[in-house]
Amino acid sequence: MLKYQFDLMCHLIRPEQVISITIVDNDDTPDQSKLFFSKFDIRQFINLRSYAIISSDQSIFLQLDLLCQFNHFQALTLPNISQTYWCLFGSHVETIIPRLRKLITNQHPITKPLNNLRYLTITHCYCHNLEYLFRQMMMLRSLNITVSLDMFTDWSKKIPVMNHLRRLTLGIQYGRLTMSRMNQFLSKMPRLLHFELRIDDPMDVIGDEQWTRWSQHSNADIEDANDIISGHQWKYLVPHLQTFDFRFCLLNRSDEKILDSFRSTFWLEQKQWFVAYDDYQSPPCLFTVPRFAPKNIIYSSDYNTPWCTSSNLGLDQFVDVLTLPKFRPTEQSAAMQSIHEETEKNEKKPPRLLLNVEDYHQRAKEKLNKMFYDFYSTGSDDQLTLIDNQIAFRRIKLRPKVLIDVSSHSTVDSISCKTQLFNSTTISFPCIIAPTSVHRLANSEHGELATVRAAVACSTNTGASISMESIANEHRRYIKEKYPQSYSQLWFQIYVTKNRNFSKKLIERAERCGYKALVLTVDTCEIGNRECDIRNNFSFPDGIRAENVINENNILAKTYRQLQIDPSLSWKDLDWIRSITSLPLILKGIMHPDDARKAVRYGVQGIIVSNHGGRQLDTCQSTIEALPDIMAVIRECNYQMDIYIDGGIRRGTDILKALALGARAVLIGRPILWGLTVDGEQGVTNVLAILKNEFRVAMMLCGCQNVEDIRKNNLLVMNDNIRSKL
Ligand SMILES: Cc1cc2nc3c(=O)[nH]c(=O)nc-3n(C[C@H](O)[C@H](O)[C@H](O)COP(=O)(O)O)c2cc1C
């Protein structure tokens, strides 16, 4: 999981809704538990029922004593806890362990009877502890235990009858198991239905000296050793079981005859339990199929498929991973290899179809140098707002209206989604290109010129890598030559710099060039903490500059961090801006309803609900969730102003949802940069066309004949964050 996905996951978690936590710190996810608990306190998970810590970092176990606060707590998994921490935890045995229904641990846990315990896994135990363990938990239904045996303890005799046990998984890690002990052991579990036995300590089935000595000493029958691998013997022990699986490791190789005792009617027909013998494995083993069929085979020339009691049961069907040997390239195989490579080249997968914005994003990511990709794609701090902008749209569900004639929308060109802006301009699609800086990082040849050619409406920004005059000229030329009917218009986005005179000149230049509105960005009194750019030591490559500010001491020459934005900018400065220009004023970066109210008081023509695409204040609310409060204020003031929104818009349905909540149009930032990177002007055109088509389909499926219907049709089913504000 990537860090940002992890952060997102944490962001979405509502602790009081969580009933089960599994913390895994392995090589792929080191320190994830620490990271997780830097964001949460375990006490927040008040409804926790089950907690698993699979971590070798012991300090995390310290919080176990807090579990006693949870009323519903009942399952604990601690496979790696050290004895020290187990003892520390042991002081809470009184309160926690007796409540448990399920426990998985590597420690011997028991000091008191655990009458609630139903499921127990103990990763290791000595046979002389078994009696005590069983007596402490007579109500067990399921036991999974790995045991070391010795010849001198009569362990099987002493254990109590376990009347409730239905499932037993027994691993013998060390020591010899005899059939008489097994018989005794199983007779203590009269209602057992499922039994799995693993003998990992290789058995010498022919008989070895040490075993002879041991068995004489303990008066056990020497034949027991061989009986364990005899189907004839097992037949008498397990007839009442529903499932019986085993895997026995053997010391010596044997031949196929070893399977004969498992070929009786009892095994093959009555139970349909099949057994195989694999002498290729080390150590060789006898096992039931499919439970223990090999999943992973490393093939070599002496490899034999395991023998099985039923030839109908092809064991290869259970193999997941087959590793073939590497051959030395002889001349022939070298030739084969080159043919193979050639074929592979020819058969290379066709490039992924670019069907949506995310496809463009992925293709752009492949194309862009990492430093530039990070500059475009990332946000500030933990990037939570960046992520939430997109996710918040998905939290809103649509409730379509049907049986409405929407035949006029059957093609992209016929779709009726014309939108009138504050300055009486009508744009053909309510989607405007947001101001994003330095387009020549995406397309070094044309940069913003390519973008502007594709634009329905476009904001050029202070940090553009082409001068505002060139952009405006290109826009004019292009419209005149190619789209004389187009109403496409340009806005100029400005950051007010400490040198106010310089800002004044920029505004005057914009007005002279024919820009139709001034977008004043108000969320950037300081540049957000964009850690990726800091790590990458982001700077513009040679030959690319922020052309609009180049006259002013080269301030944007190498990085936007040198932009001298004036942090003293305040509401009263709007009067100063008004004194410079008659252009309509749009405030970009309004998130608070109080600020929307002030914007009304200052008589601005529009606001853009924006958090700068998650590049400024992290953990800032998502824009679509901020929109309803702002709309409420504007309605309340009964003031004519255009409300726009940007941030996280990636689908036509996102546009529809923004409009349904009252936005006049949306602005999109990164999708345009992805289109530009992938295919210049054509890429931007395609991205806009994709969004327009998605918007068309969404309108039709929601039964909207025009943009007004989107607002009127009561289409949204809101999540709690938004519903409360409607
Ligand atoms: C690479 C990049 C540069 C940006 N530069 C500016 C800028 O110079 N001025 C500004 O007001 N907003 C800037 N923004 C913010 C966008 O105008 C817009 O608010 C944001 O990208 C919208 O979110 P989206 O990318 O999820 O669509 C920039 C965004 C990006 C991604």
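Within the stretch 631-647, the set of residues being away from the ligand (no atom under 11 Å from the Cβ) and of a type in the set (Val, Ile, Thr) comprises Val633, Ile634, Ile643. In this structure, does Trp576 turn out to be part of a loop (DSSP other than H, G, I, E, B), open to solvent by 30 Å² or more (accessible area, probe 1.4 Å) and modelled with pLDDT of 95 or more? For Trp576, the condition - part of a loop (DSSP other than H, G, I, E, B), open to solvent by 30 Å² or more (accessible area, probe 1.4 Å) and modelled with pLDDT of 95 or more - is not met.
Residues checked against (1) within 14 Å of the ligand (Cβ to nearest atom); (2) open to solvent by 10 Å² or more (accessible area, probe 1.4 Å); (3) out of contact with any Pro (no Cβ under 8 Å at 6 or more places or on another chain):
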residue: Ile607; (1), (2), (3): yes, no, yes
residue: Thr623; (1), (2), (3): yes, no, yes
residue: Asp629; (1), (2), (3): no, yes, no
residue: Ile649; (1), (2), (3): yes, no, no
residue: Ala665; (1), (2), (3): yes, no, no
residue: Leu673; (1), (2), (3): yes, no, yes
residue: Leu676; (1), (2), (3): yes, no, yes
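The set of residues in the stretch 528-540 being open to solvent by less than 60 Å² (accessible area, probe 1.4 Å) and free of Cβ contacts under 8 Å to residues at least 60 places away in the same chain consists of Ser539 alone.
The residues listed here are Arg615, Arg597; of these, the one that is within 16 Å of the ligand (Cβ to nearest atom), open to solvent by 10 Å² or more (accessible area, probe 1.4 Å) and touching a helix residue (DSSP H, G or I) at 6+ places or on another chain (Cβ under 9 Å) is Arg615. Look at (1) in a loop (DSSP other than H, G, I, E, B); (2) more than 23 Å from Thr685 (Cβ to Cβ); (3) open to solvent by less than 30 Å² (accessible area, probe 1.4 Å) and you find that Cys525 fails only one, number (3).
Of all residues in the stretch 372-421, those satisfying the criterion of being charged (D, E, K, R) and open to solvent by 70 Å² or more (accessible area, probe 1.4 Å) are Arg394, Lys397, Arg399, Lys401, Asp405, Asp413, Lys418. None of Ser300, Ser264, Ser282 is closer than 18 Å to Asp245 by Cα and open to solvent by 20 Å² or more (accessible area, probe 1.4 Å) except Ser264.
For the stretch 541-553, check the following and say yes or no: at least one residue is farther than 19 Å from His439 by Cβ, surrounded by 15 or more Cβ atoms within 10 Å (Cβ to Cβ) and at pLDDT below 90. Yes - at least one qualifying residue is present in the stretch 541-553. Look at (1) within 16 Å of the ligand (Cβ to nearest atom); (2) touching a helix residue (DSSP H, G or I) at 6+ places or on another chain (Cβ under 7 Å) and you find that His409 fails only one, number (1). One residue alone among Leu149, Leu140, Leu130 is within 20 Å of Ala75 (Cα to Cα), assigned by TED's automatic domain parsing to the domain that holds Leu177 and crowded, with 17+ Cβ neighbours inside 10 Å, and that residue is Leu140.
The values are calculated or read from the model by the stated rules, or taken from the named source; none is laboratory data. As the structure is a computational prediction, the values presented were derived from the model and not from experiment. Glycine also receives a Cβ, built like all others from the backbone with ideal geometry; neighbour counts cover every protein chain displayed. Protein only, heavy atoms only, side chains kept; ligands, DNA and RNA dropped before computing areas. Shrake-Rupley method; radii C 1.70, N 1.55, O 1.52, S 1.80 Å.
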